[in-house]
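Engineer: One structure follows; several queries about it will come next.
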Amino acid sequence: MSKLLIVESPSKAKTLKKYLGKDFEVLASYGHVRDLIPKNGAVDPANHFSMKYEIIDRNSKHVDAIAKAVKTSDAIYLATDPDREGEAISWHIAEILKAKKLLKDKLLKRVEFNEITQSAVKQAIEHPRDISMDLVNAQQARRALDYLVGFNLSPLLWKKIRRGLSAGRVQSPALRLIVERELEIEAFKSQEYWTIHMNALKQQHGFDAKLIQLDGKKIEQFSVTNHDQQAEIVGRLLIASIGKTTVTRVEKKQRSRSPAAPFTTSTLQQVAVRKLGFTTSRTMRIAQQLYEGIDVGSGTVGLITYMRTDSFSLAAEAVMQIREYVKKNFEAEYLPKSPIMYKTKAKNAQEAHEAIRPTDIFRTPASVRAFLTDEQFKLYEMIWKRTLACQMAQAKFDAVSVDLSVGSEANLFRASGQTLIFPGFIAVYMEGLDDEEEEGESKLPYLETGEVLNVEKIFGEQHFTEPPPRYSEASLVKALEEYGIGRPSTYASIISTLQDREYVTLDKKRFVPTDVGRVVNKFLTEHFTRYVDYDFTANLENALDSVAEGERDWVPVMDEFWQDFNQTIQAKANVDRPGNEILDELCPKCGRPLQKQLSRYGSFIGCTGYNATPKCDYTRRIAGEDAPVGNEPILIGKDPETDKDIQLLNGPYGPYLQVGEAEAGSKKKPKRASIPKEIPISSVNLETALRLLSLPRDLGTHPETGKKIVANIGRFGPYVNHDGKFKSIPKTQSVFDITLDEAVGLIAQANNGPAPLADLGPHPGGEGRIEVFSGRYGPYVQHGKVRATLPKSVTPESLSLEEALNLLSEKAAKDNPKKAVPKKTAKKTTKAAKKQSS
């Protein structure tokens with residue numbers, strides 16, 4: 001009996017083929033096989049939201065290969081990923097095969113496994129099931145909703161703001177989070193406050209205490225608000241103390257800290273961003289590699305369970321194995337008396353799935369280190385440690401709190417400290433590194449009530465309240481999860497979309513909304529308030545989860561959304577374009593009316609005659625706003641070196657800074673500096689201007705060549721230059737702060753070339769290798785001088801040699817049609833590639 005197993009990823013297919021042997025043929029769909037047709041009418045609300053699908057062009061050859069294999073197979077097993085999206089892919093494959101009339105008298109079943117190990121795969125094959133239409137319909141409803149929002153709302157943004165913009169069911173509330181945080185920061189007014197401290201001394205052991213009560217009144221945050229007030233209090237307490245303080249209360253208690261739950265997708269992304277410096281998308285890419293299988297010498301095996309999950313639960317067998325490892329490798333007190341159970345707090349968690357864990361806890365990071373890349377090792381080690389720690393005993397601390405009086409018991413200082421007396425899980429996983437405020441431990445000397453100590457000094461410390469921090473990738477993922485916006489598998493794509501659309505930029509690893517992002521958010525919150533409302537978005541997710549659980553039918557859920565949304569779209573079709581209001585003011589150059597306009601650099605006032613004949617190009621900044629740039633200069637401040645004015649101007653290539661004016665009769669141009677796109681015009685002040693004008697920076701000489709290294713900003717962003725060679729400065733570093741050592745490291749990378757993401761092997765033609773690299777616009781495949789960008793749906797790990805050759809051939813033909821590879825030659829090369837891969 002011939003059997004066919006269909007999976008999504010070719011790397012997973014290779015692993016499974018080794019497990020299943022000769023009885024099975026294993027093929028990959030390479031992700032999604034069908035999608036909605038990319039035009040109006042793909043979803044028909046008038047016909048029960050019927051959907052028109054088409055096979056995705058790039059995967060048509062894989063669909064053909066599957067169809068061909070089905071003809072000679074007796075049983076077909078659909079083993080796509082164990083989530084809603086995977087369920088939908090299985091259904092699409094089944095629908096295509098039915099349409100081709102290939103399933104007559106054949107067994108078609110769905111199999112599901114959360115880990116790629118021989119035992120898990122064998123068990124899944126032995127217990128197949130039917131495709132779950134509840135899961136399929138939930139995924140179809142999600143796709144239809146995204147389509148209806150995108151195809152109806154995005155054109156409105158094009159019409160009202162500018163072309164190329166988009167709005168999304170989940171993306172837009174996420175943008176709102178970032179913009180509202182920025183508005184909070186801008187509206188924030190810092191307040192001064194002081195804290196009063198005492199350094200007390202017992203013999204040679206000094207410690208710090210903080211004033212908590214003065215004249216019998218509790219000290220609050222704003223009890224002391226200026227220098228004179230704190231000076232008066234400090235002076236009064238110094239006189240009252242006469243150099244002594246009395247211990248009035250000593251409280252000792254034991255405190256314990258429990259281990260964190262094993263990783264979900266959300267927490268894995270958050271911790272990988274904080275601890276490892278990964279992005280969310282990079283975290284998921286590496287996790288997928290660990291899940292799909294790594295050759296560890298004895299064979300290829302999946303190292304972790306499925307990485308898209310919102311459940312904290314662990315399989316009973318896994319818990320027992322973890323406890324066995326603790327028992328064998330730690331003293332008895334490190335193993336709790338009974339297994340620790342974790343209850344999922346996230347909304348609508350899929351409890352059927354497990355948390356992310358190693359497939360075998362006895363496969364330690366050290367034992368597989370030689371088979372992993374640095375990134376794979378770091379992520380696996382973190383997952384392994386957190387999983388092990390989650391079934392270990394609590395950490396225990398001795399905590400001490402002491403009150404000390406000065407003058408009388410009406411004036412009290414308090415000191416506290418703690419000592420780790422039993423590490424428990426901390427022996428494995430230092431969770432506290434994520435929470436720096438918990439790591440500040442101070443040890444107090446042994447103290448008793450009534451004891452009199454020496455006062456070393458009493459002093460005040462000045463503080464200022466700070467605005468809430470901007471979102472990082474980690475904190476944004478946490479907020480999305482808390483609000484119930486999106487699901488674990490979508491967090492990375494939400495963040496990528498916001499950046500790709502230039503709605504937000506990353507500044508010091510924190511999200512800052514661009515002017516365009518602000519305008520889009522303002523338009524949506526004013527006119528489509530309900531659809532960027534956090535509760536509405538979360539409730540819609542709840543409704544879709546109810547569909548997945550079989551509690552609701554998907555069509556009524558869709559209809560409930562569409563009726564209101566469609567009416568809102570129709571009602572808002574004629575709203576004014578934001579920022580393009582006609583003003584009651586005439587142009588000083590031509591007399592036509594002026595209007596407020598929007599550009600990528602912000603808002604400005606311009607003449608309505610810009611597109612008229614004769615053309616009028618008059619523009620000016622908007623009074624009271626820093627951002628807009630017209631063709632009238634804006635004074636930023638004085639250059640401290642020359643005492644000349646620094647002006648902000650708008651040129652043909654965007655805004656720039658200029659020091660002084662060009663002198664009559666002189667060929668020497670004034671010093672200028674372009675403003676990079678990632679710096680909002682609204683943030684350009686004198687400090688920013690001076691930093692930009694300080695470029696290029698001379699970092700010093702290269703230790704090997706003795707030649708100068710310079711840091712600067714060019715057309716394609718910040719870079720370092722050495723001996724005529726340029727290397728872009730990563731977004732994680734700043735052109736203003738990069739050091740000589742860091743620049744030398746970047747130059748070394750440029751000389752050696754970037755490390756490939758994947759090596760597909762030698763070219764079948766015999767010259768050079770075919771490799772996949774990471775580029776500015778995403779991963780690309782390269783052979784010689786030909787580079788071809790990978791489609792968004794294709795990952796470097798899933799790219800086959802045959803696909804790479806096709807991409808390179810198409811790119812070569814596009815770049816140089818005269819030298820394109822002839823079809824006959826291309827076919828020979830493809831045959832050679834197939835032979836080589838087999």
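Engineer: So which residues in segment 727-775 are over 25 Å from the mean Cα position of the chain (by Cα), surrounded by fewer than 14 Cβ atoms within 10 Å (Cβ to Cβ) and at pLDDT 85 or above, if there are any at all?
Structural biologist: T739, D741
Engineer: So is I636 farther than 25 Å from V735 by Cα, of a type in the set (A, V, I, L, M), outside any loop (DSSP other than H, G, I, E, B) and at pLDDT 70 or above or not?
Structural biologist: Taking the combined requirement at face value, the residue does not satisfy it.
Engineer: On to the next question. So, in segment 490-536, of the ones that are touching a helix residue (DSSP H, G or I) at 6+ places or on another chain (Cβ under 7 Å) and polar (S, T, N, Q), which residue ends up surrounded by the fewest Cβ atoms within 10 Å (Cβ to Cβ)?
Structural biologist: S496
Engineer: Further, regarding this structure: Residue pairs, Cβ under 7 Å, 6 or more apart or interchain, first in segment 76-92 and over 20 Å from S2 (Cβ atoms) and modelled with pLDDT under 95, second assigned to a loop (DSSP other than H, G, I, E, B) and among the basic types (K, R). List them.
Structural biologist: Filtered contacts from segment 76-92: D83/R308.
Engineer: Being farther than 21 Å from P556 by Cα, touching a residue at least 24 places away in the same chain (Cβ under 8 Å) and touching a Lys or Arg at 6+ places or on another chain (Cβ under 8 Å) is the filter here; which residues of segment 118-159 pass it?
Structural biologist: P128, I131, L156, K159
Engineer: Working carefully through the options D545, D584, find the one that is more than 21 Å from L153 (Cα to Cα), in a strand (DSSP E or B) and among the acidic types (D, E).
Structural biologist: Of the residues listed, the single one that is more than 21 Å from L153 (Cα to Cα), in a strand (DSSP E or B) and among the acidic types (D, E) is D584.
Engineer: Kindly evaluate G168 against the criterion of being small (G, A, S) and open to solvent by 40 Å² or more (accessible area, probe 1.4 Å).
Structural biologist: The answer is no for G168.
Engineer: From Q229, Q213, which residue is in a helix (DSSP H, G or I) and surrounded by 12 or more Cβ atoms within 10 Å (Cβ to Cβ)?
Structural biologist: Q229
Engineer: Out of R176, R236, R181, R162, which single residue is of a type outside the set (A, V, I, L, M), free of Cβ contacts under 8 Å to residues at least 24 places away in the same chain and surrounded by 12 or more Cβ atoms within 10 Å (Cβ to Cβ)?
Structural biologist: Only one candidate qualifies: R236.
Engineer: I need the full set of residues from segment 283-324 which are surrounded by fewer than 18 Cβ atoms within 10 Å (Cβ to Cβ) and touching a Leu at 6+ places or on another chain (Cβ under 9 Å), in order please.
Structural biologist: V296
Engineer: Out of the residues in segment 670-690 that are assigned to a helix (DSSP H, G or I) and surrounded by 15 or more Cβ atoms within 10 Å (Cβ to Cβ), which is modelled with the lowest pLDDT?
Structural biologist: So the residue we want is S682.
Engineer: Also, I was wondering about something else. From (1) under 22 Å from L153 (Cα atoms); (2) open to solvent by less than 10 Å² (accessible area, probe 1.4 Å); (3) not hydroxyl-bearing (S, T, Y), pick out the condition that doesn't hold for L476.
Structural biologist: It fails just one condition, (1).
Engineer: For segment 309-317, indicate whether the set of residues that are modelled with pLDDT under 95, touching a strand residue (DSSP E or B) at 6+ places or on another chain (Cβ under 9 Å), among the β-branched types (V, I, T) and over 24 Å from A427 (Cβ atoms) is non-empty.
Structural biologist: Taking every residue of segment 309-317 in turn, at least one turns out to be modelled with pLDDT under 95, touching a strand residue (DSSP E or B) at 6+ places or on another chain (Cβ under 9 Å), among the β-branched types (V, I, T) and over 24 Å from A427 (Cβ atoms).
Engineer: On to the next question. Can you spot a residue in segment 399-410 that is in contact (Cβ under 8 Å) with a residue 24 or more places away in the chain, open to solvent by less than 20 Å² (accessible area, probe 1.4 Å), among the polar types (S, T, N, Q) and touching a strand residue (DSSP E or B) at 6+ places or on another chain (Cβ under 7 Å)?
Structural biologist: Within segment 399-410 (the criterion being in contact (Cβ under 8 Å) with a residue 24 or more places away in the chain, open to solvent by less than 20 Å² (accessible area, probe 1.4 Å), among the polar types (S, T, N, Q) and touching a strand residue (DSSP E or B) at 6+ places or on another chain (Cβ under 7 Å)), the answer is yes, since at least one residue qualifies.
Engineer: Can you tell me how many residues within segment 691-726 are open to solvent by less than 30 Å² (accessible area, probe 1.4 Å), small (G, A, S) and touching a residue at least 40 places away in the same chain (Cβ under 8 Å)?
Structural biologist: Number satisfying all stated conditions: 2.
Engineer: Oh, and also: Do you know which of the residues in segment 639-669 that are among the polar types (S, T, N, Q) and exposed (fewer than 13 other Cβ atoms within 10 Å of the Cβ) is modelled with the highest pLDDT?
Structural biologist: Top of the filtered list is T642.
Engineer: What single numbered condition from (1) in a helix (DSSP H, G or I); (2) among the hydrophobic types (A, V, I, L, M, F, W, C); (3) at pLDDT below 90 fails to hold for I485?
Structural biologist: (1)
Engineer: Still on this model: Take the residues of segment 325-339 that are within 13 Å of P259 (Cβ to Cβ) and part of a helix (DSSP H, G or I): which is least open to solvent (accessible area, probe 1.4 Å)?
Structural biologist: That would be V326.
The values are calculated or read from the model by the stated rules, or taken from the named source; none is laboratory data. Keep in mind that this is a model prediction, so the values were computed, not measured. Backbone-built Cβ (ideal geometry, glycine too); neighbour counts: all protein chains shown. Remember, those area values only see protein heavy atoms, side chains included, never the ligands or the DNA or RNA. Shrake-Rupley method; radii C 1.70, N 1.55, O 1.52, S 1.80 Å.
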